Amino acid sequence: MDYMSAPEAARKWGVSERRVQKLCEEGRIPGVAHFSRMWLIPQDAEKPAEGRLKENRKKGEPNEG
């Protein structure tokens, strides 16, 4: 399986590198691996739905921020 780094995923998905790191930390991207300070993300991983926006949250899910 081929992997990409957090900066590569950030460019691909149009978000910040820090946002990709948080998505990895929260377990929202399946198949990630963490080595030292580097996140390895599967090349075919899809960007998770944005849970910070009300319309993307599941019904009844509380606002975390």
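The values are calculated or read from the model by the stated rules, or taken from the named source; none is laboratory data. A quick note: this is a predicted structure, and the numbers were derived from the prediction, not measured. Cβ placement follows ideal geometry from the backbone for every residue including glycine, while neighbour counts extend to all protein chains displayed.
Which count do you get for residues in the stretch 2-19 that are within 10 Å of A45 (Cβ to Cβ) and of a type in the set (A, V, I, L, M)?
2
Taking into account only those residues within the stretch 40-65 that are modelled with pLDDT of 85 or more and outside any strand (DSSP E or B), which is surrounded by the most Cβ atoms within 10 Å (Cβ to Cβ)?
By that ranking, first place goes to A45.
For the stretch 24-39, how many residues meet the condition of being in a strand (DSSP E or B) and either in contact (Cβ under 8 Å) with a residue 12 or more places away in the chain or touching a Phe, Trp or Tyr at 6+ places or on another chain (Cβ under 7 Å) (or both)?
Result for the stretch 24-39: 3.
Has the stretch 32-39 got at least one residue that is at pLDDT below 95, under 9 Å from the mean Cα position of the chain (by Cα) and among the basic types (K, R)?
No, that holds for no residue.
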